[in-house]
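The structure under discussion appears below in the form of structure tokens.
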Amino acid sequence: MKNLFIILLVFLTTIGVGFSQQIKPIPNLEIPKLKPNEVVIKHYAYSLSYNQPNKQANWVAYELTSDETNSTFKRANKFVQDPLVKSGTSDDQDYAASGYDKGHLAPAGDMCWSATSMKESFYYSNMSPQLPGFNRGVWKRAEELVRNWAREYKSVYIVTGPILTSGLKSIGHDRVTIPKYFYKVILEYNASGIKGIGFIIPNLSSREPLQSFAVTIDSVEKVTGIDFFPLLPDAQEKVIESTLNLKEWSWVKPKTARSKN
């Protein structure tokens, strides 16, 4: 009976029901568990793991706070190679006449809180080939929704990237892999509440509601092979990543962005 009570208490605390205790900050909570020989590249605004054979990131991770969403640094629109990727990244020629957008993983709209963060958002290490209808449509809607969650829940931890599998086509002289799917995993972990959600979205145009792409974080881990939020207490991580409750999240229509991200 005692064990059952403990399990129930962990579950209620994890999903934010009746949650009142103080949450202790966990440094680098957004960083996934590293694989052997995997290196984290840390920028001012986000961190990433670069996949050299595929010429794009395995994941890009960062915390987004409510205050950061209220800043308005001008969009940079200057795509440049990442100076911290010593092996080199993709470039303009890879995307020229390819039919694919230079699609942001960490969107410029999340990085408008400083000149440095905005500049970093246009590194090619933060880009992945995305069809225009995807990048400017359903992916943009997902970015705006997550930004609204950061405003509403005070802060969220975000990890996003392509789902890289064997046999994918590529573009350009650097053979930049074209993902068929992209993912986002979102964690709220603060005094306002504790909960998590994932998205797996095909690299295609879609008018489907974002709820139709929502999955558990466990589901994203299964298809990517990435262990998200490993610094969470084990009991919390188990429940957060296996639970999907759409009613816990606000699905209000995001405000229209000024420009594509």
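Couple of notes before you dig in:
- As a proxy for reagent exposure, ranking 38, 63 by other Cβ atoms within 10 Å from fewest up yields 38, 63.
- Of the residues 210, 29, 58, the one whose Cα sits farthest towards the positive end of the charge dipole of the chain is 210 (charges of +1 on Lys and Arg Cβ, -1 on Asp and Glu Cβ, taken about the Cα centre).
- Amide H contacts under 5 Å for residue 203: 181, 182, restricted to partners 5 or more places along the chain or on a different chain, H placed in the peptide plane at 1.01 Å from N.
- Counting beta carbons within 10 Å around each of 43, 104, 173 and listing the fewest first gives the order 173, 43, 104.
- For the range 137-146, Karplus couplings with θ = phi - 60° (6.51, -1.76, 1.60), whole Hz, Gly/Pro x: x, 5, 5, 5, 4, 5, 4, 5, 5, 5
- Structure-based [θ]222 nm, the chain - -39500 (n - 2.57) summed over DSSP H runs of at least 4, per residue, nearest 500: -6000 deg cm²/dmol
- The chain, dipole about Cα centre (Lys/Arg Cβ +1, Asp/Glu Cβ -1), debye to the nearest 20: 540
- With at most 16 other Cβ atoms within 10 Å, longest stretch of the chain clear of loop trypsin sites (Lys or Arg not before Pro) (DSSP): 87-153
- Amide hydrogen proximity for residue 243: with H placed 1.01 Å from N in the peptide plane, the residues at 5 or more positions away or on another chain lying under 5 Å are 217.
- In percent, rounded to a whole number, the relative contact order of the range 2-248 is 23, using alpha-carbon pairs under 8 Å and six or more apart.
- Derived scalar couplings ³J(HN,Hα) [the range 61-76; Karplus, 6.51 cos²θ - 1.76 cosθ + 1.60; whole Hz; x for Gly, Pro]: 10, 6, 9, 10, 9, 4, 4, 5, 6, 8, 7, 9, 5, 5, 4, 6
- Phi to ³J(HN,Hα) by Karplus 6.51 cos²θ - 1.76 cosθ + 1.60 over the range 181-189, Hz, x for Gly, Pro: 9, 10, 10, 9, 10, 10, 10, 9, 8
- Out-of-range pairs (alpha-carbon distance over 21 Å; input 140/184; 184/222; 35/184; 154/247): none
- Most mobile of 160, 69, 89 in a GNM of the chain (Cα contacts under 10 Å): 69
- Distant-in-sequence amide contacts of residue 51, defined by a placed amide H-H separation under 5 Å and a gap of 5 or more residues or a different chain, comprise 56, 57, 58.
- Magnitude of the charge dipole, the range 74-227, Cβ model with Lys/Arg +1 and Asp/Glu -1, debye to 20: 340
- The order of 127, 111, going from fewest to most other C-beta atoms within 10 Å of their C-beta, is 127, 111.
Computed from the coordinates by the stated procedures, all read-outs in this text should not be read as laboratory data. Small disclaimer: the values here were computed from a predicted structure and weren't measured. We place every Cβ from the backbone using ideal geometry, glycine too, and count neighbours over all the protein chains shown.
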